[in-house]
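Visitor: Structure provided below as structure tokens; questions to follow.
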Amino acid sequence: MLEPAGRVILVSGASRGIGRAIAEELYRQGYAVSLGVRDPAKLAGEFAGWDQARLHIAPFIAEDWASHRSWIDAAAARFGRIDGLVNNAGTHSKMTLRAPDEAELDRVWAINCKAPLNLIHCAMPHLEASGAGRIVNIASLSGKRVRNDMVAYNMSKFALIALNHAARRIGWEKGVRAIAICPSFVSTDMSIGATFPFDEMTTPQEIARLAATAIGLPNNAVVAEMLVNCRLEDTL
Ligand SMILES: NC(=O)c1ccc[n+]([C@@H]2O[C@H](COP(=O)([O-])OP(=O)(O)OC[C@H]3O[C@@H](n4cnc5c(N)ncnc54)[C@H](OP(=O)(O)O)[C@@H]3O)[C@@H](O)[C@H]2O)c1
């Protein structure tokens with residue numbers, strides 16, 4: 001496994017839920033973390049007890065591409081390197097095929113697909129310079145099969161997995177590895193009200209352990225997709 005000390009990992013949407021759990025797990029393991037969040041001022045107090053030498057918090061607004069560039073540049077300036085990017089920030093949508101809404105499609109596409117693409121683009125020179133750069137895309141089993149009517153969300157997660165494989169291809173020669181983590185239900189704000197019992201869902205901490213494993217695996221032992229379920233499905 002790669003040694004965490006000295007490695008710098010960026011996590012988008014680290015304010016709560018899965019992103020927050022990933023940030024906490026990576027920090028616990030010894031990484032330096034740069035957290036991209038919509039409202040850094042709101043969060044600052046919550047990280048007061050952390051070693052500030054291994055913590056950076058910057059504004060990240062998925063729909064604002066200028067914030068992507070300024071976050072990556074600020075993290076690189078702060079630590080002198082970037083070894084990993086976790087594309088976690090995401091949004092849900094109940095839009096169905098029987099009631100399409102162009103504005104809603106655009107909103108979901110901007111957050112779940114366009115922002116991860118541009119963050120990968122901005123981070124790639126740093127990830128290549130690392131020699132063991134890692135990209136973790138928090139996709140979903142909704143990007144692997146269709147079990148419900150929420151077509152905008154499902155389409156966005158299929159597209160994110162396509163992006164994951166595009167990143168695997170272009171980064172491979174310089175040691176960049178891309179991993180899509182595809183959970184079913186995870187017990188966060190996003191899944192409150194789902195039909196599945198909340199206390200039987202995969203926890204954010206369990207997804208965080210998988211993300212840390214993906215980041216820690218060496219260049220010659222990489223899992224391209226991690227399919228994670230909390231219930232039995234025919235093939236998953
Ligand atoms: N929960 C599940 O069952 C489940 C299953 C499979 C995959 N996922 C995926 O896991 C990822 C994390 O979801 P979660 O369950 O942790 O959800 P969550 O608790 O709702 O957290 C979503 C995170 O994304 C951030 N975010 C949302 N819109 C944003 C925007 N426009 N710009 C910047 N940040 C934005 C939120 O920031 P704020 O705090 O500022 O709102 C928050 O940090 C998502 O990509 C989701 O699709 C979740």
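Readers should treat all values here as calculations from the given coordinates under stated rules, not as data from a laboratory. None of these values were measured; they are calculated from a predicted model. Neighbour counts are summed over all protein chains in view; Cβ atoms, including those assigned to glycine, are modelled from backbone coordinates with ideal geometry.
Visitor: For the range 8-228, build the charge dipole from Cβ charges (+1 Lys, Arg; -1 Asp, Glu) around the Cα centre, then report which of Ala14, Asn154, Leu85 sits farthest towards its positive end.
Guide: Working it through, the farthest residue towards the positive pole turns out to be Leu85.
Visitor: In nm², what is the average projected area of the convex hull enclosing the Cα atoms of the chain? Please list the in-between numbers first.
Guide: On the way: hull surface 50.5 nm².
The Cα convex hull of the chain, projected and averaged over all directions, gives 12.6 nm².
Visitor: Test of understanding: in a Gaussian network model of the chain with alpha carbons linked when under 10 Å, which of Ser67, Ser191, Ser12 would top the mean-square fluctuation ranking?
Guide: Largest GNM mean-square fluctuation: Ser191.
Visitor: Hey, another quick one. What percent does the relative contact order of the range 8-228 come to when contacts are Cα pairs within less than 8 Å and at least six residues apart? Write down the numbers at each step before the final one.
Guide: Numbers: 407 pairs, mean separation 46.0, N = 221.
This gives 21 percent for the range 8-228.
Visitor: Looking only at Ala211, Ala178, Ala166, which one moves most when the chain is put into a Gaussian network model with springs between Cα atoms under 10 Å?
Guide: Ala166
Visitor: Let me ask you something else. Count the lysine pairs in the chain whose Cα atoms sit under 26 Å apart, keeping only pairs 8 or more residues apart in sequence or on different chains.
Guide: Working: Lys42/Lys114; Lys94/Lys114; Lys94/Lys144; Lys94/Lys157; Lys114/Lys144; Lys114/Lys157; Lys114/Lys174; Lys144/Lys157.
Pairs that pass both the separation and distance tests number 8.
Visitor: I would also like to ask the following. Dipole of the chain, Cα-centred, from +1 at each Lys and Arg C-beta and -1 at each Asp and Glu C-beta, to the nearest 20 debye?
Guide: For this selection, approximately 380 debye.
Visitor: Identify the trypsin sites (Lys or Arg not before Pro) of the range 4-97 meeting these criteria: DSSP loop state and at most 16 other C-beta atoms within 10 Å of the C-beta. Display every interim value, and only then the final one.
Guide: Numbers: sites: Arg7, Arg16, Arg20, Arg28, Arg38, Lys42, Arg54, Arg69, Arg78, Arg81, Lys94; in loops: Arg7, Arg16, Arg38, Arg81, Lys94.
Those that pass, being in a loop and sparsely packed, are Arg16, Arg38, Arg81, Lys94.
Visitor: Taking the chain as a Gaussian network, Cα atoms linked when under 10 Å apart, which of Trp65, Trp172, Trp50 shows the biggest mean-square fluctuation?
Guide: So, out of Trp65, Trp172, Trp50, the one fluctuating most is Trp50.
Visitor: Let me ask something else about it. Rounded to the nearest 500, what is the 222 nm mean residue ellipticity of the chain from helices alone, with -39500 (n - 2.57) per DSSP H run of 4+ residues and division by all residues? If you can, show how the numbers build up before the last one.
Guide: Values: 7 runs with 90 residues, N = 236.
Mean residue ellipticity, 222 nm, calculated: -12000 deg cm²/dmol.
Visitor: Please give the helix 65-79 orientation as an angle from the longest Cα principal axis of the chain, in degrees from 0 to 90, rounded to the nearest 10.
Guide: Computed tilt is about 40 degrees.
Visitor: Let me ask something else. Which value, to two decimals, describes the C-alpha radius of gyration of the range 11-99 once divided by 2.2 N^0.38 Å?
Guide: Numbers: Rg = 14.2 Å, N = 89, 2.2 N^0.38 = 12.1 Å.
Ratio of Cα Rg to 2.2 N^0.38 Å: 1.17.
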